[in-house]
Amino acid sequence: MERGALAAMGTRFEIIVAGEPDSHARASIEAALAEIEHCHKLWNPFSGDSMVARLHDPMREVVPIDGLTLELLSLCERLEQETDGAFSAMVGSVLASRDPRRDCLEGAVVSEGRSAYEIHDQPPCIRILHPGVRWDFGAIAKGFALDLAVEVLRESGVENAFLHGGSSSVTALGSPPGLTAWDVQLPHGEVVSLQDGQSLGISSDAGSYQGDHLIDPVGGEWLESRSMGCWVRGRSAAEVDAWATALLVSRLRSTTASIPGIEGQDWGFFEHPRSEKPDNDETAEVEVSSLGAESPRDCGFRKEI
């Protein structure tokens, strides 16, 4: 096995490739990490050169966007509708209220749906209808980047791989040597198995920035019980990321979100085994428990952004 890692989106991405020649595995991992790095540069809320910064530029009413950002914004719009607003990418103004690194604007809005902007396909652009709208893709960008990275691995001929971003966004390709699935241990000890092409999203109300990160997009309120988590398994890492957040928000605000699948089989809630703040990023750490006897060899590279 070969392993490569990348620091991006405020966390650590890791890719493990099994069953490929060393040189092919290393080249494939680097190409997949490059795709994640590209996503980081596009949607980094703390960079003045990012697409997010352009969307927030008060001097721009019409903002040209790239194809990936168009795809991401369209997906966010659909998921906001499907989750009855429990997921939204337009929560940047609320996040800015507790994070001085973020841009904040007087009169910023939380989530106004299509009344705050218009998406145009030809040419790809966003028309800003409310100058106070502030996007943040933190609840979906890691999964979206993993979906793209998996496609890079598939196109390069890799058949077996395990990818994760900060332990809260996970996706699988093929299976580990001698096994039929990648087993992932959740923070409370439960094991979720991922078959070829499946992804796992984990959301927790125990965040790393001042102890909290979950927001109810409808009311713009912080949710701070710090004891519960949610996992969702599906075919798209981006979508399960968003749904994990939406289900947890719905649970904490005592409403119900309609998600396909069966509780306990395709999604579920869990209680944190301890109440203290985790040391890593958004969630308590998950573990891969099905690597078999062979331990992944580090490719010898680390990318830092």
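Couple of notes before you dig in:
- Here the spin labels are modelled as points 7 Å beyond Cα on the Cα-Cβ line, and at CYS125 and HIS38 they lie 2.4 nm apart.
- Counting other Cβ atoms within 10 Å as a rough exposure proxy, the listed residues VAL152, VAL91 run VAL152, VAL91 from fewest neighbours to most.
- Proxy reagent accessibility, fewest Cβ within 10 Å first, across TRP231, TRP243, TRP43: TRP43, TRP231, TRP243
- FRET efficiency, SER227 to SER23 (Cβ-Cβ, R0 41 Å, nearest 0.05): 0.30
- Counting 0.36 nm for each residue step from SER47 to ARG60 and taking away their Cα separation leaves a gain of 3.0 nm.
- Remark: TRP182, TRP222 ranked as TRP222, TRP182, counting other beta-carbon atoms within 10 Å and listing the fewest first.
- Protection proxy ranking, peptides 25-34, 78-87, 185-194, 257-266, average beta carbon neighbours within 10 Å, highest first: 25-34, 78-87, 185-194, 257-266
Coordinate-derived values only; no laboratory data. The structure displayed is predicted, hence computed values, not measured ones. Cβ coordinates were reconstructed from backbone atoms using ideal geometry, including for glycine residues, and neighbour counts include every protein chain displayed.
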